[in-house]
Structure formats: structure tokens, C-alpha cells
């Protein structure tokens, strides 16, 4: 079934049920993935998925919703009926409507849509990658977490007011997480993830090299004494922190009382003035980009923190209405519409004279802790309180030498962290979740085994 | 004998689909598969959210789909689809066969037809009608959020309810043909308290399996009091001072330590990956002799209980560790095939789009002989972890989990509340340090995310003492 057919089907069913106002979001996908275990195919997987989320408005303009994977006539009719029932419980205190931007032009990135390579080719590529990674060092005994996948999907948004947009794309992902073991030492593990529009776009060799280098580098480790340290966060680690505390600039969270910000926080200085943060879903380097959100609002670049000051919140249609502004293209589609960032870009602003530019992770000779990757975000972040306590993989630099840290956590407070940035390095790096330079923080608590 | 004609051209829930299923399985075997398994699902879910004094979200959802798994030697191919027609299922079988690169056709005597249908759904047919209506749920949720409104420091009050009803058909080429209905209901309360620069959270989740009336019986006043007290106790708490120290972990959800630290490492998927230190430790001591640990799917009403697992096997009670000695691994079909450990009725998946994997069900440490006070009084400086948050375990066996509500133990007594603690450790090192088990075993529901998606589980334990563990903090 294509986008036009499904819209016609919903229109017909809505007319029969006398439902005048509705919208829907749909996703159709074909996914293929492989995993290997020491040269053998472990699990080969394919899936065809179709799912739609329907919203209907009743005579009191209250909205109800249903999600279904049954796109038969009966299935769609049942979904509309259930959404009608749910609309009786619609939220009277926050009226949801169509996005006023649902018919605005969208900016679709020019990207070649790739064709499926097929399971056999995926399997051969992954087998070879696994073999090369195991062969890269004698301590690497296995690649327990590995996978190569390709996905082809189409997203649709349409409403009874005539808005209609769809977007199809392809995406591929490779991940390799190696496990290294040496006698009388604890096992160590690290890895790498690469994304592309198709498998042919993925730099497989660099994924192998990165996974190997990172894993081997951690073979010789030692514990670290608990205390406060000068910390350098890798681009990936800093983006992890910003995404974990994105409720600070999320209008939905502010309305719900779960954010550290409030409606009047725009203009507040929440970090040092040298920091700029954007959300830029359409960035050329963002493989996962989508031209419109769940409500059909076009995706756009938005400045969140400008020279340390909170400049904009992320909005859905209903939060924008409450804040007397326009939706920003960050909505999901649900009974209660969620809001989330697309792709964060961090940069140094031009008000950076206070930074200590001698702090460079490649050259600095003083003592510091380098945090490569933060783990267990779901367990260690209290976004509504602003606190975090997270295990990490990283390094202790001291007296000109670096040593992998055996096992440690970093703990702190997001407000403290943003106000105690002591350097934002010049070079920005691309990661799977955004772009950021290395960021230095003064005195963060590290708990080690000593 | 395998039937050769099919009455219907698509799967019909609530009816006998034997002929169609046999035809699809026969097709897979004839193309060269060693084993064919079909998992077909019809789901009807609903969730309701109350915030402050209003219902802010009602979300029904429906799903239908099939997961088809083909084994050849020790490899498997898995295809999921929403197309439940005969043509759709056969196309998925072909796709799985092609993925596995099977070219040699089989002797079809590998499949002798399906056994008589085992219908586990008979007594459950009315469950969906018996669960509370959205109206009933809404009214009770609003009562619960109202019960949280105890003073001005409470700035966020939330109550959430979720009902998952799932009808499954499981058929495979070893003759298995079973149908079942599952019903899971959960209700959760969340609170945020705020006073000047101080902020705290409180939350509790309750859940059951197979009890349509459970939500009606839920004591929302008691639950609201627990959540409120927890958040108030933590509102002005100091941050925990990091370091190595003895801890006492509370019963109920305190069992997440065993779930994360050890339970995952006893799943055969971890043996297959080579990521468990316990692979070759069967019948060896891996924990303190005070520890006996169990994983089972049979406790009536418990969130992780099942009549059959997602591979059609009735669940067993597995004693994983007896007096510190490793006795058993948690195994599914692929686990048995690849590691030799017998299936335990633990093949589980979130839904049809995941292949089943060996997963925990109701997992707990058995009760010991001590009282909670005896555990606490045995510690001069340490931490009492009254309420736990989530946790995870990495590829090297290192686990971590957050402490939501903690108290300093000083000279054998509970003193001030402490926040911001994370417990970090390695199963191999921590299990021998569980030196005392209390006599107050209790279970708590939870969700476990892993290779086959998010599944309902129960964690549990009595109060336990860990002699030394790393506590992350400030």
C-alpha cells in the first residue's frame, strides 16, 4: 500500500464514521540485519513493518488517538472508532490542533537512495570485518556485539485539512564491540559505530580500526583515586550529557514541571558565554535526518544556547501555542505529543576570551581525566534534579603519561558543569548523535576503586 | 500426517489454524530447513496518564504480526511481517530460507504434522472484557494523583496505567502447537518535590500478570503515601560520599542487583557471546554460601509468570544457584542448540518482531535467617539502599545501578538520607560478598530490556548485605 492509497482509505473510513477532523502519521519499513560469531552467521533478520498512528477530533475539539499495524479496511475502521472513544478523554486543559506549518514547504536533502545489498552480502561484509578485527590483536578474542543492517523506509503525514507529505530514505549501520582478554587481567571491551545512507557509504575499515585501537588501548589499566579532577569530555560524551539533559530546553518538560527551566528562562545565562548549542536535524552530516516531524512541521535549524544564554525552546504545536510561538519541528505524534531534539551541534562562540586554550586533549601535559564514553545513561541521570552519576570508559593523564581507568564513575550537576567549562577546543568532530568539540570541565567528582 | 488443503487463506485468531500452519511449516522443511517456528500475535494495548488532576493521555494500540524463525545447523534466520495471509507467511519462510543460503531440499519426513492444539487460553478468553474500562482507570488514577497532593512542595504528580493484552499462536516443526492469552497490567506513581534549590523524585510501580481485577484492588492511598514519604525523605538529602563501603540492599526491587549483576550472565545468550565469566563454572562456587537464587515463571500473578514461553514450552522453576554453587543456566531453544544447556521455558520476546532469546522471568534470591535490623547493626559505616533505580550490565560483566533512596549507616544505625549514589561492581567479585540474607523475601515488577526487546520480569530478594562495593557519588 502506498501513501496515497492509505490516505484515501482513511478518508473513506472517516467519512463513513462521520469523523470530520483527523490526521495520521505512518511508517513503512523493510529492515535487514546480520550478526556473526567467529565466522559463523549467528542471526539473520528481516522485517517488514507497517504502523500508523491516527488522531481524531470530536465535536468538542478534543483529540483521541490509536496506533495500529492492521491496515486492512477493518483495521483502519477499528482504529478510528477507538480513537473516537479515546477522544472523550481528551485533555480539556491543553487543546491540540494541526500544526499551522503542516502545509509549509519542506526541505528534503538531496541524497541518493540506496538499493538493498541483501542478506548474503551483508553477511560476507560483516564476517570479513569480524575476522579483521579479531586478527588485529592477539588479545581480542571475540566481537560479542556486532551487527550490520540496512533499512528502507517511508514516513507519511497527512490530515483532513489537505496536508500531505511523505519522505522515503535508506540507512545502514555497522557496529563492532570487541572484547579483549589477557591472563590475570580483567576483560576489556570497546567499539565503534558507523552510519551511512547505504552500506557502501560506511567506512568499514575505519570502524574496524577504531574498535581495535580503542579496545587495545584499554588493555593496560589501573584504578584511579576517588577525588575531584580536571576532566576533558570527548565530543561523544559531551553530546550524551546534553541529550540526557535536553529537558532544559524542551517546552513539553517545562510545562510538565520536569525541567530545570521555566517559561521565563529564555535569556538566562545557563553556561559560560563561550558556548553555542544548536539543534540542526537537517545538517548535511546527519544521516538520520527527517524533513518533517510527527505533526508534519518542517524540520529546521534552531539556536538553543547562544553565547551561554538560553535562546529558544523546542516545541510541538500545543506547547508553541502555550508559549505564543510557532512549532519548531521537534514533535512526535501521540495522545500527549512528545518533544525531543533531532541532532545537536555544539560550537565555541566568539565570546571565548576567558577560555584556557592551552587545554588541548592531544597536547596538555598536566593531570586530567579524559572521558571517552559515558555508560548507563538511563540509570545514572536524574534530569529533573539536574544530577548525574555515570560509569565511563576513559583515561587518567598524569606526569606526561596516560593510563586506562579500570572502573570509575563521574558525578555532578548539569548546572555546575555548564558554568564550569574551562575550554571548548577549536576542532569540532562528527559523531553519530551530533557534532561537538572536546569540552573541558573544572573539578568533576570521579569515584574509582581506590 | 500433514494436511494438504487449507480451509482459510489467512490466520484467524480464536480459531483452529492447524492446516494453514502445517502447510507453512511443511513448506519451510521441504525447502531444507532443519526446524521451523511460527510465533503469531494479536495485541490490544491501552495506556492512560493522569497528571495533577486531569487525564492528559489515553492511548490504545493494536498490533498483528508474525515472527518466523528457521534453523539450519546452528544458524537461524528470522523474518517478521504484518502479513498474516498464507502467501505472506510463505513468502517470509522463503526469505528466511534464502537468508540462510539453504539450497539442498530436505526429506520432508522431518515434519510429522502438528500435535493436538494445547489451548492455554481457555480460561482467559474473557480477560479483555473483565479488565477495567478507560473510565474506571481514569477515575482511580485521578484519585491516586489527588492522594499525592499533600503539600505545596509537591510540584509534579503523575499516575500512569498500562494494560497489555496479547493473544499468541505458537507452532513449530517439532509438533508444538499452542495458543495462549497473556494480560499484564501496571500502574505507576511519580512525584517531584521542590523547595528552593532542593528537588527530589519519588516513584513506585506495581504490576501483575493474569489478574484482570488487580487494578481495582490496588491500594492507591497506601501507594501514594509511600511515594510521598520517599520524596520528602530525600528532598534535603546530602550527596553520598563516594568510595568502597558495605551496603544493605532492601528487599523487593533491591533484587535488581542480582538481576543485573548475575542473572543476565546466567542466560545462555551470554554463553553464546562469550561474555559471561560463569560459562565453565557449573557446579562450582560462584557466590557466598548464603546465596540461593531462583528463576521461575510459575508464581501466580507475578509479572514475569507465563503459562508457556514464547517457544511454546511450559516454564519451569530453575534453581540457578544453590548455597553459592552454580546449578543451572537460563536457556531457550537456540541456547540449547548452541550451548547444550536444556531449555528452561525461558524463550521470551517483546513481540513478534523479535526472535525469542533466553530471558529471566521471576528472579530472586531466596530468604535467609536474619532480620533487617541484624543486617544493619552489623555495619559501622555504610549505605542502606532502600529504593533502587534502573541498572545495566556491560560486555565485560561490569554492572551499575542507581540508588533512588539511600541512608547512611553509622555505628549500626540508620541515620541521614543520602542521594546521588550509584552502585558499581563486577558480578564475579560481588556475588561472594553477599554475606547475609534477610528473612523478608518480597518481589517487585519491572521491565528488562535486552536482545529480544523489553519483557516483563519480577525481581526480588530479602534484605541482603554486601560486604564491600564501589559507591559512585560526589
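The values are calculated or read from the model by the stated rules, or taken from the named source; none is laboratory data. Everything quoted here is computed from the prediction, not taken from an experiment. Neighbour counts run over all protein chains shown; Cβ positions are idealised from the backbone, glycine included.
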Report summary line: Inside the stretch B:50-92, the number of residues satisfying the requirement of being under 26 Å from the mean Cα position of the chain (by Cα) and within 25 Å of residue A:333 (Cα to Cα) is 13
Query raised in the report: Among B:453, B:420, B:389, B:406, which is within 18 Å of the chain's Cα centre (by Cα) and closer than 26 Å to residue B:231 by Cβ?
Result: B:389
Report summary line: Of all strands (runs of 3 or more DSSP E) fully inside the stretch B:1-83, the set with 2 or more residues that are more than 26 Å from residue B:100 (Cα to Cα) and within 14 Å of another protein chain (Cβ to nearest Cβ) is B:35-51, B:54-72
Query - Pick from the stretch B:306-320, criterion free of Cβ contacts under 8 Å to residues at least 40 places away in the same chain and in a strand (DSSP E or B), ranking: nearest to residue B:291 (Cα to Cα) - result: B:319
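For the stretch B:110-123, indicate whether the set of residues that are closer than 30 Å to residue B:71 by Cα and in a helix (DSSP H, G or I) is non-empty. Walk me through how you get there before you give the answer.
Going through the stretch B:110-123, the residues closer than 30 Å to residue B:71 by Cα turn out to be B:110-121.
If we keep only those that are in a helix (DSSP H, G or I) as well, we get B:110.
Checked the stretch B:110-123: at least one residue is closer than 30 Å to residue B:71 by Cα and in a helix (DSSP H, G or I).
Do the conditions hold for residue B:156, that is, is it on the phi < 0 side of the Ramachandran plot, outside any loop (DSSP other than H, G, I, E, B) and over 25 Å from the mean Cα position of the chain (by Cα)?
Details: on the phi < 0 side of the Ramachandran plot: yes; outside any loop (DSSP other than H, G, I, E, B): yes; over 25 Å from the mean Cα position of the chain (by Cα): yes.
The answer is yes for residue B:156.
For residue A:228, state whether it is touching a residue at least 24 places away in the same chain (Cβ under 8 Å) and not in a loop (DSSP other than H, G, I, E, B). Let's see the steps before the verdict.
On the way: touching a residue at least 24 places away in the same chain (Cβ under 8 Å): yes; not in a loop (DSSP other than H, G, I, E, B): yes.
When the stated conditions are applied, residue A:228 passes them.
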Query raised in the report: If you check A:45, A:49, A:9, A:103, which single one turns out to be farther than 30 Å from residue A:128 by Cα and either at the interface with chain B (Cβ under 7 Å from one of its Cβ atoms) or not in a helix (DSSP H, G or I) (or both)?
Result: A:103
Query raised in the report: Between a first residue in the stretch A:67-88 that is away from chain B (no Cβ under 11 Å) and within 22 Å of residue B:10 (Cα to Cα) and a second residue that is in a loop (DSSP other than H, G, I, E, B) and modelled with pLDDT of 95 or more, which pairs have beta carbons less than 9 Å apart while being 6 or more apart in sequence or on different chains?
Result: A:77/A:17
Report task. Go through (1) in contact with a strand residue (DSSP E or B) (Cβ under 7 Å, 6 or more places away or on another chain); (2) within 13 Å of another protein chain (Cβ to nearest Cβ); (3) assigned to a helix (DSSP H, G or I) and name the single condition residue B:144 misses. Result -> (2)
Report task. Filter the stretch A:323-335 down to residues that are crowded, with 17+ Cβ neighbours inside 10 Å and either away from every other protein chain (no Cβ under 14 Å) or touching a helix residue (DSSP H, G or I) at 6+ places or on another chain (Cβ under 8 Å) (or both), then give me how many there are. Result -> 6
Requested in this report: Could you tell me whether residue A:157 is more than 30 Å from residue B:277 (Cβ to Cβ), part of a strand (DSSP E or B), touching a strand residue (DSSP E or B) at 6+ places or on another chain (Cβ under 7 Å) and at pLDDT below 95?
Outcome: no
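Return yes or no: is residue A:259 assigned to a loop (DSSP other than H, G, I, E, B), away from chain B (no Cβ under 14 Å), at pLDDT 95 or above and in contact with a helix residue (DSSP H, G or I) (Cβ under 7 Å, 6 or more places away or on another chain)? Walk me through how you get there before you give the answer.
Details: assigned to a loop (DSSP other than H, G, I, E, B): yes; away from chain B (no Cβ under 14 Å): no; at pLDDT 95 or above: yes; in contact with a helix residue (DSSP H, G or I) (Cβ under 7 Å, 6 or more places away or on another chain): yes.
No; evaluated as a whole, the condition is false for this residue.
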Requested in this report: Would you be able to tell me the number of residues in the stretch A:12-40 that are over 29 Å from the mean Cα position of the chain (by Cα) and at the interface with chain B (Cβ under 10 Å from one of its Cβ atoms)?
Outcome: 2
Report task. Quick one: which residue in B:101, B:151 is within 12 Å of another protein chain (Cβ to nearest Cβ), surrounded by fewer than 19 Cβ atoms within 10 Å (Cβ to Cβ) and in a loop (DSSP other than H, G, I, E, B)? Result -> B:101
Query raised in the report: Applying the selection to the stretch B:449-474, what residues are outside any strand (DSSP E or B) and without any contact (Cβ under 8 Å) to a residue 24 or more places away in the chain?
Result: none
Query raised in the report: Could you list, in sequence order, the residues of the stretch B:81-125 that are farther than 18 Å from residue B:23 by Cβ and in contact (Cβ under 8 Å) with a residue 12 or more places away in the chain?
Result: B:82, B:99, B:100, B:102, B:103, B:104, B:118, B:119, B:120, B:121, B:124, B:125
**Report entry** Criterion violated by residue A:58 - all others in (1) within 10 Å of chain B (Cβ to nearest Cβ); (2) in contact with a helix residue (DSSP H, G or I) (Cβ under 6 Å, 6 or more places away or on another chain) satisfied
**Finding:** (1)
Query - Enumeration of residues in the stretch A:375-398 that are surrounded by fewer than 24 Cβ atoms within 10 Å (Cβ to Cβ), facing another protein chain (nearest Cβ under 7 Å) and either more than 25 Å from the chain's Cα centre (by Cα) or in a strand (DSSP E or B) (or both) - result: A:382, A:387
Query raised in the report: Listed residues A:346, A:371; which is surrounded by 20 or more Cβ atoms within 10 Å (Cβ to Cβ), within 14 Å of chain B (Cβ to nearest Cβ) and at pLDDT 95 or above?
Result: A:371
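Can you find a residue in the stretch A:78-85 that is part of a loop (DSSP other than H, G, I, E, B), at pLDDT 95 or above and within 24 Å of residue A:29 (Cα to Cα)?
Taking the stretch A:78-85 first, the residues part of a loop (DSSP other than H, G, I, E, B) are none.
No, the stretch A:78-85 has no match at all.
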Query raised in the report: Tell me, which helices (runs of 4 or more DSSP H) lie completely within the stretch B:172-273 with 1 or more residues that are within 13 Å of chain A (Cβ to nearest Cβ) and within 27 Å of the chain's Cα centre (by Cα)?
Result: B:220-235, B:268-273
Report summary line: Taking the stretch B:175-213 and keeping residues surrounded by fewer than 22 Cβ atoms within 10 Å (Cβ to Cβ), farther than 30 Å from residue A:382 by Cβ and in contact with a strand residue (DSSP E or B) (Cβ under 7 Å, 6 or more places away or on another chain) leaves B:176, B:180, B:183, B:210, B:212
**Report entry** Subset of the stretch A:399-422 [more than 14 Å from chain B (Cβ to nearest Cβ) and under 15 Å from residue A:371 (Cα atoms)]
**Finding:** A:402, A:403, A:421
